Every structure is written in structure tokens, then in C-alpha cells.
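> So that we are looking at the same thing, I have put the structure below in C-alpha cells.
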Amino acid sequence: MTPRRPLFDSLAFALLTVLAAATPGIASSSSAQPTRSAASARSPELLALLDEHMEWLSRRDPISASQRGDLRLNDRVPDVAPDSIARSVGEARDRLAQLNRLDQARLDEADRIDAGLLRWELEGIVNGAPFREHLMPISARGGPQVWLPQMAAQLPFQGPQDYEDYATRLERLPVLIQDTIDNMRTGMREGIVPPRVTVQGAAEQCFALASQAMRDDPTLSPFYTPFRAMPGSDSSVKRARRAIEEEIIPAFQALGEFLRDEYIPACRESIGISDLAPRGDPEYGRRYYQYAIREHTTLDLTADEIHQIGLDEVARIQAEMLDVIAASDFRERHPEHAALEGEALLAAFLASVKSDPRFFHESDGALLDEFRVICKEIDPELPRLFGRLPRLPYGVRQIPPIFGPASPAAYYYHGSIATGVPGYFMVNTYALDQRPRYDMIALTLHEAVPGHHLQIALAQEMEDVHEFRRRVAFTAFTEGWAVYAERLGLEMGALPWPAGRGLYQDPYDDFGRLNFEMWRALRLVVDTGIHAKGWTRQQAIDYMIAHSANSEHDLITEVDRYIGWPGQALGYKLGELHIRELRARAERELGAAFRLRDFHDVVLGAGGTPLGVLDERVSAWIERVLAERESPR
């Protein structure tokens, strides 16, 4: 999973960065600046808009700017005060108007792509502004209590000034936290509040950051991590310790008390976004969900159409699961189930694998070590499937235990060549009895390579493009690619599919792949069920449990995620299906001229794009290959 933010599935981080405001008074320094393409033929008006937009993004979210190597605002934090948010949206609206005034007919191919991507992003900001998502910035999965303690892991610390800047950032965090509280109070007054179930646990996360142990010794705080190897006499160390002790710990204590005593009791019992009707606007929730569908899928589909696609995919994948079960030793191990068929067999199999101790690790270290081994098995396979590979390395790390209960099985933290920070495949070691081994290959392919790390690092390392292109991303592309990457495991290893099953030589591992694919199909059914068809939370949980081998804990966490982030879960399966359809078309039209490495390079070659832009790229590539094949040599 990936947002293009620190973790690609963080709701609160996404909301903050979508609407975080401009910060006035930028101080200059010698660091990365927004860059223009070297192509001299490009539209100067468009390049100026792209430069302006990148500057706006840096001012709006200085932490993200630091992570990508723009250190001019290295001591700032996002400004989420209401007037700043309004100003930020107004600037986006003005930029969109300027973009629409450009003569599109005079733009070359590179300009048309950049203009289209910029239009998508600006329209998303402008069209989403009326829903005022910033008034619902916290859940147990995301918010300042989740992403702020982890931000240092993605920041560059290469000299004394970086530590001084970070200390200044720490001193400014209480204002951000107070503004966040003020926004939630506004949401309470205006009836824009999240479902209560999505916020349960957030207060405890805040109290953990303000624990008595950290009060007694501020160096135990995660905010102190960058300073642990430095002498206590250093000025930045002193400032950081004072900020943590006197400002940050009290701020998180206050946030936790506000959540516990005021906010959570005021949150709504209903779970579907369609039920949200602030100020008596009964269509608010329905409009919001349709907006969310388009934002996350980049497709013009209705909730009913997506729901049916999900039902069809569930049926198809279930049939494939039964084939894999037949190839396993399940009936031999469980002769009492030998006569079962169809859904009864699947139910017995699911119950068995969820409780069989041979599929689970007994220690955090063993789980992490096996993930590292899988990564090393995948790495040598990549050159056969890709003509271009990233320079940025990646590693495997544990999700901080404090966030384990509310976190997914894993997620990806992007790194940066510019800042010298590697990418990280973050693994959840909470509740080891619910982290099955049969899911591990598919999970690694999705979060690490050739999934999120490969796609995001390649986008960051694109040359001769504007910096904007390196950072833009869309859920359907980013997550659709990662789900497609799980299937590429069939084409790796000594016996690639169809002769063998690639990396999935064990039928249980292959079942794990199908289980992951089923999980994404279930999202289409459950997300639309919750937000458009009036499903209850228990109805969604029961449906997930009945069709998936995922642990009950994970499935409950997932359902709560869909409740709190309408539409986001739709991008995975719809994006994957779209990429697979494009590949099938290319194979059909090119025949013997089809080269899988070339196809993958075309798909990833422009960075994250809406699916319509991807269609155009693949179509143009097919036409070029056909023209080259037909031209005389």
C-alpha cells in the first residue's frame, strides 16, 4: 500500500497534505529547487505553472518537501489553520484557471502529459474543497499522532543545520496540533465528523506519546531519535529535549484528552459516507462518495457498476482457489473434509489455515528475516522483467509497535536518492498468530519489488522531466501496479507460470496470492456496500471473513479503514484489472513482437498517471512497434 506520503495508506496524512496550507515568508537556502525540463521547445507558460505548483506544494507541506530534497523549508511544518487552507485552495483554483487558458493545440507531447496531470491534481483539490476533509483529520490509522512521530525516518540528517532545523520543527509542532484540534471542533459544530469506530484507539496513541516514562526521560520519545547519537551539550539536542519535554508531550496529552472526552463521543454512529448530511444537506455524502470514486480510480464508474465488478471477481477467484486447494495436501491432512466440495470445502480450508501453527512465526525476528530472504529471491529476477531498474535501495523494517494494533500487515515508506534515504518495506509484527506465512510472497511483491518500491523509485529517478512528474501519483495507478506486481511472481523463479507457478511453488503460497487478489476484489463489494448500499459494519466484516483467509483482526482493521477512507480501496483491483487488460491487448495486437520488459517500461515510464493517460501511452507504444515491424529494413 502506498499514499505518496510517508505511508501510502495513511488517511490523516493524505487529508493533511491534500489541504495543508501555504506558509508565508519562505527563507532561501542552498538546497534543491523546483526544476524545469531541459527541453527548450516546451511551453514556457506551462513550465511556469509547474514551477509555481511545485513551490506551492513545498509551502503547503514542508515536511514532504524535505523528504524529496527541497530543504529550503526544512524548519517548517504544515499550516492547517482555516485561513491558510482557504488561501491554499484559492491559489489552486487560480492556477487551474490559468492552465485552462493555455492553447492546448500548441503543446507538444510532453507538455500535454504534464498539463493533463496538473489538471487532474488541481481539479481534485478544487472539487474536493467543499467537502472540507480537513475537519476530519484523525483516525486510529492516521493523523499527527501517527505520522509526526515517524517523520524523522524519512528526513535527511547530513549536517548540523539539519538537526537545528529539526529542533525548530519540534518547537512548531504544538501549533499544528492545536490547529488540528480547532479544526475538529469546527467539524463538531457543523456536523462533519467521522464514524466513531474509526477514531477508537487514537486517544491511546496520544497518551502513549505523553507517557510517564517519556515525561521522566524525554530521550525515550520517538521525536528524540535523530539526536540519540549526539552529545548532550549540542545546542540542537538541548532545544529538542526542551521542546519534547515542555511542549510536545503536553500537546499530545491535550490532544488525547480532547479525543477521549469531547471528540470521540461527538463522532457519529453511522458508518457510510452517504449518511453524512451536515447542515441538513442530504446529498453531501452521495456527492462526496462519487467524488472519491473518481479521485481514487480515475474512472467514470458508478458505485453499482463497481459493486458488480467486485461480485464477478469474487466468484472467479473463488473458483481458482478451489483448484489450488485440490492441488494441496489439505484433504490428506484432513480426511474428515475429503468429501466436501465448493463453498463448504473453501470454508473448511479457510478455517484450517487460519489456525494451523505451521503457517505462523514465533518471533518478530523470524518474521522479518523471512521477508528479507524473499526480497533477496525476487531481486535477481527483476532484470528479466524490466529494462530499467532504480538506483535507490530498499530495506525491511518493523512498524513501530505502538502503531501495530491499528496498522495493516505492511506498508511502504518511500525514500529518495536526493536525500540519501532508502525506501523501506514496513512490516507489522503485532499479533504474530495473525501474520500467515502463505501471504508473505505476495505481500513482498506488492510493497517492495516489483511493486511500490520499484514504481515509486523509478518515478523519482526520471530524467528530463519536470519535478512535478516525479512526485505526482494516483491511487488506481500506484496500487493497481502493486497488485499487478503480485501476479508477476508467477513469472519469476526456476519454473515460471504457466509451466510452473513461479515463486508460488507451494500451493499454500499460491493460495496466499489468490487470497490477496480476493482481498482486493472484496474491497469493491464492501466499500460500495458500506458507502452506497447501507451495509452495516458487521455485515461487511462477515462478508470479508467468509471469503478470505486473512486473520479476523486484519479484516476488522481493514473494514474500519474502508469506513474511514471512502473510495480509496477501490483503486487497487480496478487499477490492476486495467493494467492486465492493457497487457492482454498488447500481447494480442503485437503477437511475436510483444516484449514484456518493454511493456513494463512503458507502463512505468511516465511515473504515476491516471488510467486514461496510461491507455494513451500503451496505445502509442503499440502503434510504434507495429510501424517498426512493417517498415523495410
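> For Tyr394, Tyr411, give the ranking by accessible area with the largest first, probe 1.4 Å.
Details: Tyr394 50, Tyr411 5 Å².
Final ranking, largest accessible area leading: Tyr394, Tyr411.
> Which FRET efficiency, nearest 0.05, do Ala277 and Thr536 yield, Cβ-Cβ r, R0 22 Å? Don't skip to the answer; put the middle values down first.
On the way: r = 19 Å, r/R0 = 0.84.
Plugging the Cβ-Cβ distance into 1/(1 + (r/R0)^6) gives 0.75.
> Same structure again: I'd like the distance between the alpha-carbon centres of the stretch 516-570 and the stretch 594-617, rounded to an integer number of Å.
Here the answer is 30 Å between Cα centres.
> Place a point 7 Å from the Cα of Arg358 along the Cα-to-Cβ direction; which residues of the stretch 327-344 have their backbone N under 20 Å from it?
Counting only backbone N, you get 327-340.
> Separate question: How are the alpha carbon pair distances in the stretch 378-513 distributed across 5 Å bins from zero to the largest one, expressed in percent?
2, 10, 17, 21, 20, 15, 9, 4, 1, 0
> Could you work out how far the C-alpha centroid of the stretch 71-138 sits from that of the stretch 164-186, in angstrom?
23
> For the stretch 482-626, just the Cα atoms, rotate onto the principal axes and tell me the three extents in Å, largest first.
Largest first, the stretch 482-626 extends 52, 36, 22 Å along its Cα principal axes.
> Net charge within 11 Å of Asp111 by Cβ-Cβ distance, Lys/Arg positive one each and Asp/Glu negative one each, not counting Asp111 itself? Walk me through the numbers on the way to the answer.
Numbers: positive: Arg42, Arg106, Arg112; negative: Glu45, Asp103, Asp108, Glu109, Asp114.
Net local charge, Asp111 excluded: -2.
> Leaving out ligands, DNA and RNA, and with a 1.4 Å probe, what % of the accessible surface on the stretch 162-287 is carbon or sulfur?
Numbers: 2640 of 5390 Å².
Its accessible area is 49 percent carbon and sulfur atoms.
> Can you list residues from other chains, or at least 5 along the same chain, whose modelled amide H is less than 5 Å from the amide H of Arg268?
So Arg268 has HN proximity to Arg196.
> Using R₀ = 51 Å, calculate the FRET efficiency as 1/(1 + (r/R₀)^6) where r is the Cβ-Cβ separation of Glu269 and Ala48; round to 0.05.
Details: r = 49 Å, r/R0 = 0.97.
Using R0 = 51 Å, I get an efficiency of 0.55.
> Roll a 1.4 Å probe over the protein heavy atoms and report the accessible area of Glu295 in Å², nearest 10.
Here the residue's solvent-accessible area equals roughly 50 Å².
> Between Ala319 and Leu596, 0.36 nm times their residue separation minus their Cα-Cα distance comes to what?
On the way: separation 277, 0.36 × 277 = 99.72 nm, distance 2.75 nm.
Gain on stretching Ala319 to Leu596: 97.0 nm.
> Can I ask one more? Tell me, what is the 1.4 Å probe accessible area of Arg333, in Å² to the nearest 10?
Here the accessible area works out near 130 Å².
> In square angstrom, what is the accessible area per residue of the chain with a 1.4 angstrom probe?
Numbers: 23820 Å² over 633 residues.
Per-residue accessible area for the chain comes out at 38 Å².
> Suppose the Debye formula is applied to equal point scatterers at every Cα of the stretch 488-569; what is log10 I(q)/I(0) at q = 0.17, 0.21 Å⁻¹?
The Debye formula, applied to the Cα set alone, gives -0.68, -0.85.
> Treating the chain as a set of equal point scatterers at the Cα positions, no solvent, please give the Debye-formula log₁₀ I(q)/I(0) at q = 0.06, 0.12 Å⁻¹.
Rounded to two decimals, the profile gives -0.32, -1.37.
> Then there is this: Roughly to the nearest percent, how much of the accessible area of the stretch 343-385 is carbon and sulfur, given a 1.4 Å probe? Intermediate values should be presented prior to the final figure.
Numbers: 1230 of 2140 Å².
Within the stretch 343-385, the accessible surface is 57 percent carbon and sulfur.
> With θ taken as phi - 60° and the coefficients 6.51, -1.76 and 1.60, list the Karplus ³J(HN,Hα) couplings across the stretch 439-449 in order, rounded to whole Hz; mark glycine and proline as x.
Once θ is set to phi - 60°, the couplings for the stretch 439-449 become 8, 5, 5, 4, 5, 5, 4, 6, 7, 9, 10 Hz.
> Also, quick follow-up: Take the Cβ-Cβ distance between Ser235 and Val175 as r, set R0 to 25 Å, and report the resulting FRET efficiency rounded to the nearest 0.05.
Details: r = 22 Å, r/R0 = 0.87.
Rounded to the nearest 0.05, the efficiency is 0.70.
> Now a separate question. At what distance in angstrom do the alpha carbon centres of the stretch 270-328 and the stretch 229-266 lie from each other?
39
> Another question about this same structure. Counting only residues 5 or more places away or on other chains, whose amide H sits under 5 Å from the amide H of Asp79 once H atoms are built in the peptide plane?
Long-range HN contacts for Asp79: Ala21.
> How would His446, His414 rank on accessible area, largest to smallest, probe 1.4 Å?
Numbers: His446 0, His414 20 Å².
My answer, sorted largest first, is His414, His446.
> What's the extension gain from Ala351 to Arg580 if we count 0.36 nm per residue and subtract their Cα-Cα distance? Intermediate results must be reported in sequence, preceding the final value.
Working: separation 229, 0.36 × 229 = 82.44 nm, distance 3.12 nm.
Between Ala351 and Arg580, full extension yields 79.3 nm more.
> Using a 1.4 Å probe over the heavy atoms of the protein chains, calculate the carbon and sulfur portion of the accessible area of the stretch 441-507 as a whole percent. Working shown, then result.
On the way: 910 of 1690 Å².
Whole-percent figure for carbon plus sulfur exposure: 54.
> Shifting gears a bit: Nearest-5 percent of antiparallel DSSP beta bridges in the chain? Intermediate results must be reported in sequence, preceding the final value.
Working: 6 of 12 bridges.
Beta bridges within the chain, antiparallel portion: roughly 50 percent.
> Keeping all protein chains in place and using 1.4 angstrom, which order do Glu463, Glu576 fall into by accessible surface area, from largest down?
Details: Glu463 145, Glu576 5 Å².
Final ranking, largest accessible area leading: Glu463, Glu576.
> Order 303-314, 95-106, 564-575, 505-516 from most to least packed using the mean count of other Cβ atoms within 10 Å. Please list the in-between numbers first.
Working: 303-314: 17.7, 95-106: 12.8, 564-575: 26.0, 505-516: 21.9.
So the peptides 303-314, 95-106, 564-575, 505-516, ranked by packing, come out 564-575, 505-516, 303-314, 95-106.
> Hey, another quick one. From the phi angles alone, apply the Karplus equation (6.51, -1.76, 1.60; θ = phi - 60°) to the stretch 360-367 and give each ³J(HN,Hα) in whole Hz, x where the residue is Gly or Pro.
9, 8, 9, 8, 4, x, 5, 5
> Using 0.36 nm per residue, how much length does the chain from Asp379 to Ala213 gain when fully extended, once their Cα-Cα distance is taken away?
Numbers: separation 166, 0.36 × 166 = 59.76 nm, distance 4.19 nm.
In short, 55.6 nm is gained.
> On to the next question. In straight Cα distance, which aspartates and glutamates are under 14 Å from Lys573, not counting same-chain residues fewer than 8 positions off?
Of all the aspartates and glutamates, those that pass the test against Lys573 - Cα under 14 Å, at least 8 places apart if same chain - are Glu305, Asp312, Glu313, Glu479, Glu486, Glu517, Asp527, Glu581.
> Arranged from highest to lowest average of other beta-carbon atoms within 10 Å per residue, in what order do the peptides 132-144, 588-600 appear? Let's see the in-between values first.
Values: 132-144: 25.3, 588-600: 14.8.
So the order, starting with the most tightly packed, is 132-144, 588-600.
> At 1.4 Å probe size, with no ligands or nucleic acids counted, give the accessible surface of Thr536 in Å², nearest ten.
70
The values are calculated or read from the model by the stated rules, or taken from the named source; none is laboratory data. Only a predicted model underlies this, so the values are computations on that prediction, with no experimental measurement involved. Ideal geometry is used to build each Cβ from the backbone, glycine not excepted, and the neighbour counts take in all protein chains shown. When the accessible area is computed, the model is the full protein with side chains, heavy atoms only, and any ligands, DNA or RNA have been set aside. Shrake-Rupley method; radii C 1.70, N 1.55, O 1.52, S 1.80 Å.
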